[in-house]
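Heads up, the thing below is written out as structure tokens.
The values are calculated or read from the model by the stated rules, or taken from the named source; none is laboratory data. In this text, all values refer to a predicted model and were calculated from it rather than measured experimentally. Cβ atoms come from the backbone with ideal geometry, glycine included; neighbour counts cover every protein chain shown. Quick note on the areas: whole protein, heavy atoms, side chains included, nothing else; ligands and nucleic acids left out. Shrake-Rupley method; radii C 1.70, N 1.55, O 1.52, S 1.80 Å.
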Amino acid sequence: MTKKDGGKKERKAPEPALRDVLRIPAGEPVDLTAYDARATPAGPTDKAAGLAATADLGPRLAGLQERLYAASTAGDRRRLLLVLQGMDTSGKGGTVKHVIGPLNPSGCRIRAFKAPTREERNHPFLWRIMRALPQPGEIGIFDRSHYEDVLIARVRELVPRRRIGPRYGQINRFEKSLAEDGVTVVKVFLHLSYEEQRARLLQRLDNPDKHWKFDPGDIEERALWPEYRRAYEIALERCTTAEAPWYLVPADRKWYRNWAISKLLLEHLEALDPTYPPGDFDVAECRARLLAS
């Protein structure tokens with residue numbers, strides 16, 4: 001509440017939903033250089049507040065996850081798929097650890113997509129994606145996804161360019177079919193700066209315990225930063241739809257990244273508003289039997 005002149009009180013306008021703040025506008029060109037990777041466009045503005053806010057979201061997320069799973073036992077086919085994309089070191093794995101950590105692992109289906117296997121290369125590019133989709137009541141998390149087939153495939157020219165163009169339409173139709181089947185698709189682009197990536201790679205080099213996470217090829221990939229940025233801009237522009245919009249999360253500040261994705265998940269789960277199914281038995285009769293046993 002805030003006060004106006006004369007002592008009258010005016011109710012503060014509600015804050016906009018984070019998904020409205022972070023959603024990439026549909027039908028508009030995307031210029032990633034226009035977005036600040038260290039920004040905090042909504043929510044907490046410092047680390048201490050961000051960590052506390054993220055911790056507060058954990059129990060609420062866990063409760064909604066349980067309700068989503070419980071609803072599936074009564075035939076509710078709805079589920080949620082979180083798609084994480086971003087440059088190397090942008091925090092896809094960290095998001096899984098810190099955001100998904102409070103959830104019940106039995107209700108999550110996590111898949112990290114690496115380079116396709118020989119078998120996967122013998123199928124259409126969406127084949128391996130369809131095999132990893134969450135089942136009704138589950139929360140699926142993709143660390144990289146079908147978008148690799150219009151990102152690294154485009155930059156590294158792993159397939160002829162004439163085959164890349166049609167894939168954007170295939171992706172849109174695929175994601176629309178998911179939405180029609182009860183899948184809420186939450187696509188998050190982790191927006192990392194060139195300078196922050198260098199700092200994170202140096203941290204891995206300077207810590208022997210992190211050498212297993214470092215690949216000398218990461219340095220070669222940095223040389224292709226402009227090409228990757230353009231590939232992302234095209235994907236974000238062409239594949240932001242009403243059924244599956246893209247959300248841009250500034251990722252230079254890890255604490256903000258974790259809060260923002262937790263909040264996005266919460267908003268989408270609250271919109272689903274899953275409910276516990278009623279029992280299909282006589283509660284009073286079962287109580288009486290138990291007390292008599």
Return a yes/no flag: does the stretch 102-125 have any residue that is among the charged types (D, E, K, R), touching an Asp or Glu at 6+ places or on another chain (Cβ under 7 Å) and closer than 21 Å to Lys263 by Cα. yes
Set Gly101, Gly94: member being at pLDDT below 95, open to solvent by 30 Å² or more (accessible area, probe 1.4 Å) and on the phi < 0 side of the Ramachandran plot: Gly101
Name the one entry in Leu22, Leu81 that is more than 30 Å from Gln203 (Cα to Cα), modelled with pLDDT of 95 or more and either under 15 Å from the mean Cα position of the chain (by Cα) or among the basic types (Lys, Arg) (or both). Leu81
Can we say Ala74 is at pLDDT 95 or above and among the hydrophobic types (A, V, I, L, M, F, W, C)? yes
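To keep it simple, each residue is scored yes or no on (1) in contact with a Leu (Cβ under 6 Å, 6 or more places away or on another chain); (2) of a type outside the set (Asp, Glu); (3) at pLDDT 95 or above; (4) farther than 26 Å from His268 by Cβ.
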{"position": "Met130", "(1), (2), (3), (4)": "no, yes, yes, no"}
{"position": "Leu133", "(1), (2), (3), (4)": "no, yes, yes, no"}
{"position": "Glu138", "(1), (2), (3), (4)": "no, no, yes, no"}
{"position": "Glu157", "(1), (2), (3), (4)": "no, no, no, yes"}
{"position": "Thr184", "(1), (2), (3), (4)": "yes, yes, yes, no"}
Here the residues within the stretch 254-293 that are basic (Lys, Arg), open to solvent by 80 Å² or more (accessible area, probe 1.4 Å) and in contact (Cβ under 8 Å) with a residue 24 or more places away in the chain are Lys254
Looking at the structure I just gave you, is Phe189 open to solvent by less than 60 Å² (accessible area, probe 1.4 Å) and not in a helix (DSSP H, G or I)? yes
Between Arg154, Arg144, Arg128, Arg163, which is of a type outside the set (S, T, N, Q) and at positive phi? Arg144
For the stretch 235-253, which residues satisfy the criterion of being surrounded by fewer than 18 Cβ atoms within 10 Å (Cβ to Cβ) and in a helix (DSSP H, G or I)? Arg238
Those residues of the stretch 12-60 that are closer than 18 Å to Leu265 by Cβ, touching a Ser or Thr at 6+ places or on another chain (Cβ under 9 Å), open to solvent by 30 Å² or more (accessible area, probe 1.4 Å) and part of a loop (DSSP other than H, G, I, E, B) come to a total of 0
Of the residues that make up the stretch 173-184, is at least one touching a helix residue (DSSP H, G or I) at 6+ places or on another chain (Cβ under 7 Å), polar (S, T, N, Q) and surrounded by 12 or more Cβ atoms within 10 Å (Cβ to Cβ)? yes
